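Have a look at the structure below before the remarks.
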There are 2 protein chains.
Amino acid sequence: MNDTPPRDEDAHYRERAQRKKELIDRRIARATIDRGVFVLNTGNGKGKSSSGFGMLARSLGHGLQCGVVQFIKGSFATGEEAFFRRFPDQLDYHVMGEGFTWETQDRARDIAAAQAAWEVARRMLSDPDYDFVLLDELNIALVKEYVALDEVIAAVRARPERQHVVITGRGAPDALIEAADTVTEMRMVKHAFKAGIMAQKGIEL
Amino acid sequence: MNDTPPRDEDAHYRERAQRKKELIDRRIARATIDRGVFVLNTGNGKGKSSSGFGMLARSLGHGLQCGVVQFIKGSFATGEEAFFRRFPDQLDYHVMGEGFTWETQDRARDIAAAQAAWEVARRMLSDPDYDFVLLDELNIALVKEYVALDEVIAAVRARPERQHVVITGRGAPDALIEAADTVTEMRMVKHAFKAGIMAQKGIEL
């Protein structure tokens, strides 16, 4: 026996939605700081770079002036480069890496390429004309110590107040995680490549 | 006392790089299956949708024909919509959700909107003219049972062999994870919003 009257599902739905709306509205009201953010994507899963390029698309959609430096990929991910090269008025796009390091097999050349990329990145981080800066795979250069971590943190901290910066790559150093506003670990649950499926245009390339 | 001769750092670097290259080359040689993949982005962190839109940019860069259905977001993420609407020849873009459900507070209307979105998605999944299909925030509609999970899995499994599909949203059901080729859990390490920073154009909006 259950004396509870039958529940009005629609009223219940409205109440729950109303409570959720109030919670979200309170959170939005509490978020009053308006400045550029530092977003960091790391972890061993797919989506670190593609999320950065998705934010780049959003930024271009809002008419922001954008800069991209690709630190490591040179031979990979040609699709995004082909696409974003269509917007030279809004986007300053630099591909500095010469492919993954196991392709070049020359440490001095890898360091020189990473340092040249970092010089371009540092210029963007000091220039208020850039609203959005994507430093793709910079973490790889930091892990390999081709670029100095303290220089990167100092340049990111000193950047123009309204400028957004997104840094990607696996193995983000702890001090960089500490310095960032938003950090996501892209965790691999599974990957098509491990099941024998070739890298696909539009997905990986 | 240590009789080991001084290490040739450069030779060591080349050897390691060479071994890594051989490992990667063997893996690439083993990946012989060439077909469309199903990519699933889930978890509570940032980057699920923006990664989907990054893959969309890559696909457009390769000249692929693309379709997008946004299931839940209507009032959010206006930047990506403004941007991708510029490519009507290559991209069929549908925003079907009427904002997050706690904004509408009307269950019947939410279900109708999700079902209408799913009908558009199902049409794309059965049409070989679409090379790449992004079903943004579909997981939310599945969790809320606005769209039937078995229908989605059947439609994804029966899609054209070369077609890529990307599904995003937190709380992906286990059966969908099972059906996918590549699954990433975007895990929130920290988020600017929780530190009181407003949602930013180009980053969240």
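Scanning the range B:158-167 for residues that are in contact with a Phe, Trp or Tyr (Cβ under 9 Å, 6 or more places away or on another chain) and either surrounded by fewer than 14 Cβ atoms within 10 Å (Cβ to Cβ) or within 26 Å of B:A108 (Cβ to Cβ) (or both) yields a single hit, B:I167. The set of residues in the range A:48-70 being within 15 Å of A:T184 (Cα to Cα) and of a type in the set (G, A, S) consists of A:S49, A:S50, A:S51, A:G52, A:G54. Criterion applied to A:V143, A:V133, A:V147 was being among the hydrophobic types (A, V, I, L, M, F, W, C) and touching a strand residue (DSSP E or B) at 6+ places or on another chain (Cβ under 8 Å), and the one residue passing it is A:V133.
Of everything listed in (1) at pLDDT 90 or above; (2) more than 7 Å from every other protein chain (Cβ to nearest Cβ); (3) assigned to a helix (DSSP H, G or I), the single unmet condition for A:A29 is (1). Taking the criterion of being out of contact with any strand residue (DSSP E or B) (no Cβ under 6 Å at 6 or more places or on another chain), at the interface with chain B (Cβ under 7 Å from one of its Cβ atoms) and part of a loop (DSSP other than H, G, I, E, B), the only residue of the range A:36-76 that qualifies is A:H62. A:K20 falls short on exactly one of the conditions (1) modelled with pLDDT of 95 or more; (2) within 10 Å of chain B (Cβ to nearest Cβ), and that condition is (1).
Meeting the requirement of 1 or more residues that are more than 14 Å from chain B (Cβ to nearest Cβ) and touching a residue at least 40 places away in the same chain (Cβ under 8 Å), the strands (runs of 3 or more DSSP E) wholly within the range A:94-205 are A:132-136. Of everything listed in (1) within 15 Å of B:L135 (Cα to Cα); (2) at the interface with chain A (Cβ under 7 Å from one of its Cβ atoms); (3) among the aromatic types (F, W, Y), the single unmet condition for B:Y13 is (1). Checking the structure you have, find out if any residue of the range B:151-161 is of a type outside the set (D, E, K, R) and within 18 Å of B:F53 (Cα to Cα). No - not one qualifying residue is present in the range B:151-161.
The values are calculated or read from the model by the stated rules, or taken from the named source; none is laboratory data. Being a predicted model, the structure only gives us computed values, none of them experimental. Cβ sites come from the backbone with ideal geometry, for glycine too, and all protein chains shown count toward neighbours.
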